[in-house]
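Down below is the structure, laid out as structure tokens.
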Amino acid sequence: MNQFRKTLLGLSTAVCIMGMTAAAQADTLKIGLAGPATGPVAQYGDMQKIGVMAAIEDINKAGGVNGMMLEGVIYDDACDPKQAVAVANKIVNDGIFHVVGHLCSSSTEPASDIYEEEGVLMITAASTSPSITEKGHQMLFRTIGLDSLQGSMAAQYILGSAKPARIAVIHDKQQYGEGLATAVRDQLAEGGLKATMFEGVTPGDKDFSALIAKLKKENVDFVYYGGYHPELGLILRQSAEKGFGAQFMGPEGIVNADLAKIAGDASEGVLATAPKSFDQNAVNQARVEAIKAKGEDPTGPFVFTAYAAVEVMTNAMTATKSTDTEKLAAYIRANEADTAIGKIKYDEKGDLTESTFLVYRLHKDGSKSPAQ
Amino acid sequence: MSEFSLYLLQQLINGLTIGSTYALIAIGYTMVYGIIGMINFAHGEIYMIGSYITFIVIAGLMSMGIVSLPIILIIALVVAMFMASTYGWAVERVAYRPLRGTNRLIPLISAIGMSIFLQNAVGISQGFRDVALPPMVSGGWAFGNPADFEVTVSYMQVIIFAVTFVTMTLLTLFISKSRMGRACRACAEDLGMTNLLGINTNKVIALTFIIGAALAAIAGLLLGLYYGVVNPFVGFIAGLKAFTAAVLGGIGSIPGAVLGGLILGVTEAMTAAFFPSEYKDVVAFGLLITILLFRPSGLLGKPEIEKV
């Protein structure tokens, strides 16, 4: 038995080593693409896939990187932290050292520990939780701004442009929503605007009439809502029915065409902080057309952040003439990169130095336009 | 009236409406329990299916060019009640009848399984995301001073309130006066003996489920129109609240279900009115525990008689 086990161990080690050398010698460089391909948020995984595949195609057309052609390999973590760990281990075992992903913050966080340990370079195009880069990982970067930046951006806009008399801050008691709502409330207080109300609603609730009556009684003229579109949609719809006409504002979580479907006319003019629409950038127009030609949607918020993630990697590979992840990470940290989302620079933690968010006004047809 | 009393009135109206929605679903729970002593946990899902059918029928009729609101609503109601009843009957036939007479826990587990099955079946066929319907019945009355505080009552709120009371009355009459209702009460008392006396108990129980499902479909239509949104999980939360209302009022008692629903709804609204609204469930369920401590069979329930 013991003998058998030893043989098995030796054999598998040999296979592993063979596998790794094989990958290193090949003329294709595999880029792991980790995110949800199935499950409730698979639509966001699709956006990431569209962006990465478009970038890889463009780079290969231009001759590849350092003589190597890129190949995207898709791994499905279903936005589940447990599966994300399994996927990370599989990527390591498959001998892939360059990963775009993961998508959900709750998946990125556990997976990043494994990549850090194994020296796998990872760039997430969608995870916005501030805690991810707090661990001091060297191999981790992102091409999207932080949640916490959305809060201060919203607060600045409220103090500078909206200037309401009485503001209420409402949230859905979840990590994302309450965290943002707290940040907004605190920064408004610093700016001299004290929130009249600060309270939570229950996710999944359908009836907000009691809350709306209270907002009406308090003569609130501006509501910041930290949470997602299903609850805010109903709050907007019921506010309109009850003749409560304050200005509403929310984070990226409310930016979804479903908001307009749920709230109808009441969704017109709602403010939201959201990632900039990179598909409008002049530099991306040819790419947008190419993606459309394939019958895919280039407008998703993560399409061009994912595109940029590939660019950041390949830029560094070209500049350092290497695929060694330590060198790449050092290069990315030290140098500015020109990407699909503009010129970007990183701080020590691997976060973007400038926010990629902008304040938008949402419209009842599901579209949005920059707010001024 | 002062601003405060207007505000109080508005919250009371809100609470009564929420309470009526709980009551409407709770009636179905309590009726099935009253007759076969079993909690039909899939009842919330039948309500959800009722909402979906309403949405599909309304969307279909509107795309066919029919715009008359009463016609749309009547057709939607008839179709939803019929389809939901079919589901109710099928659920009883598949998940409960084969298990009748076994340990009480077994049909309970089977009911929970049915509930999860229906949630996911609807989710897979219709999508897990919210489906929305534009407001159909809009408008209402407003009174009070707009500068101070304006109380609004929408037509939908009045309709929900009225339908709940009409349903409660009709159902109570059906159970206490009709021949079939008498058979139902006999089944509630002693299933085996009723059967021996020549009443087809299978038929009576199936009918109970059909009526319960039809009521859930009415609730699904009204609440679907009121909130304008449905997703595969609405049945779970609504079912939980309705079940609470039924227990609070005394499970098995139809007026009790309505009373329980109204108390629960008003408590929630009043808590949200004067405390941060995240405390509304704490207070509402605290109230439930307190009432059950002093009246274990609920407000209008009869003390449990051990059945053999």
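The values are calculated or read from the model by the stated rules, or taken from the named source; none is laboratory data. All figures in this text were calculated on a predicted structure; none of them were measured in a lab. So basically every Cβ, Gly included, is an ideal-geometry build from the backbone, and we count neighbours across all protein chains shown. With ligands, DNA and RNA removed, areas are computed over all heavy atoms of the protein, side chains included. Shrake-Rupley method; radii C 1.70, N 1.55, O 1.52, S 1.80 Å.
Structural remarks
- DSSP beta bridge pairing in the protein assembly as shown, given as percent antiparallel to the nearest 5: 40 percent
- The heavy atoms of B:TRP141 present about 130 square angstrom of accessible area, all protein chains included, probe 1.4 Å.
- Estimated purely from DSSP H runs of n ≥ 4, each contributing -39500 (n - 2.57), the mean residue ellipticity at 222 nm for the protein assembly as shown is -19000 deg cm²/dmol once divided by its residues.
- Chain B: C-alpha gyration tensor shape, a/c 1.5 cut-off, then a/b vs b/c: oblate
- The angle between the Cα long axis of helix A:105-118 and the main principal axis of chain A comes to about 20°, on a 0 to 90 degree scale.
- Around B:ALA84: net Lys/Arg minus Asp/Glu count, Cβ-Cβ under 14 Å: -2
- Whole-number percent relative contact order across chain A, with pairs defined as alpha carbons under 8 Å at least 6 apart: 18 percent
- Charged-residue dipole, Cβ positions (Lys, Arg, Asp, Glu), the stretch A:106-221 about Cα centre, Debye nearest 20: 780 debye
- Top positive-direction residue, dipole computed over the protein assembly as shown with Cβ charges, set B:THR164, A:VAL288, A:ILE332: B:THR164
- Principal semi-axes of the equivalent ellipsoid, √(5λ) from the alpha carbon gyration tensor of the protein assembly as shown, are 52, 33, 22 Å from largest down.
- Helix B:234-249 and the longest principal axis of the Cα set of chain B meet at an angle near 80°.
- Global geometry of the stretch A:140-215, whether rounded, prolate or oblate, following the gyration tensor of its Cα atoms and the 1.5 cut on a/c: oblate
- Residue-level accessible surface for A:ASP297, protein heavy atoms, 1.4 Å, Å²: 80 Å²
- Most mobile listed residue (B:ALA217, B:ALA90, B:ALA80) in chain B, GNM with C-alpha springs under 10 Å: B:ALA90
- When both the stretch B:48-65 and the stretch A:188-259 are represented by their alpha-carbon centers, they are found 29 Å apart.
- Counting only Cβ charges, +1 for Lys and Arg and -1 for Asp and Glu, the dipole size of the protein assembly as shown around its Cα centre is about 2180 debye.
- When Rg and the Kirkwood Rh are both derived from Cα coordinates, the Rg/Rh ratio for chain A amounts to 1.03.
- Taking every residue in B:124-135 and counting other chain Cβ atoms within 10 Å of its Cβ, the average works out to 4.
- Other residues with beta-carbon under 12 Å from the beta-carbon of A:LYS261 carry, at +1 per Lys or Arg and -1 per Asp or Glu, a net charge of -1.
- Cross-link check: pairs A:LYS30/A:LYS292; A:LYS194/A:LYS216; A:LYS364/B:LYS280 evaluated at a Cα-Cα cut-off of 22 Å; pairs beyond the cut-off: A:LYS30/A:LYS292; A:LYS364/B:LYS280.
- Projecting the Cα positions of B:GLY139, B:ALA26, A:ALA55 onto the charge dipole of the protein assembly as shown (unit charges on Cβ atoms of Lys, Arg, Asp and Glu, taken about the Cα centre) puts B:ALA26 furthest along the positive direction.
- In the context of the full set of protein chains, the protein assembly as shown has a per residue accessible area of 43 Å² (1.4 Å probe).
- For the stretch A:163-275, the relative contact order works out to 27 percent when only alpha carbon pairs closer than 8 Å and six or more residues apart are counted.
- Using every pair of distinct Cα positions in the stretch B:140-196, the Kirkwood expression returns a hydrodynamic radius of 14.7 angstrom.
- In the context of the full protein assembly, A:CYS104 retains an accessible surface of approximately 20 Å², using a probe radius of 1.4 Å and ignoring ligands and nucleic acids.
- Shape of the stretch B:8-124 from the C-alpha gyration tensor: oblate (a/c of 1.5 or more and a/b not above b/c, with a ≥ b ≥ c the square roots of its eigenvalues).
- Its relative contact order, with pairs defined as Cα atoms under 8 Å and 6+ residues apart, puts chain B at 36 percent.
- Residue (of A:VAL85, B:TYR87, B:GLY181) at the positive-pole extreme of the protein assembly as shown, dipole from beta-carbon charges: B:GLY181
- In loop segments of the stretch B:219-308 as defined by DSSP, the GluC sites (Glu not before Pro) with at most 11 further C-beta atoms inside 10 Å of their C-beta are B:GLU304, B:GLU306.
- Put a plus charge on the Cβ of each Lys and Arg, a minus charge on the Cβ of each Asp and Glu, and nothing anywhere else: the dipole of chain B about its Cα centre is then about 1120 debye.
- Chain B: angle of helix B:69-91 to the longest principal axis, Cα-based, in degrees nearest 10: 30 degrees
- Charged neighbours of A:ASP113, selected by a Cβ distance under 13 Å, balance to -4 (K, R count +1; D, E count -1).
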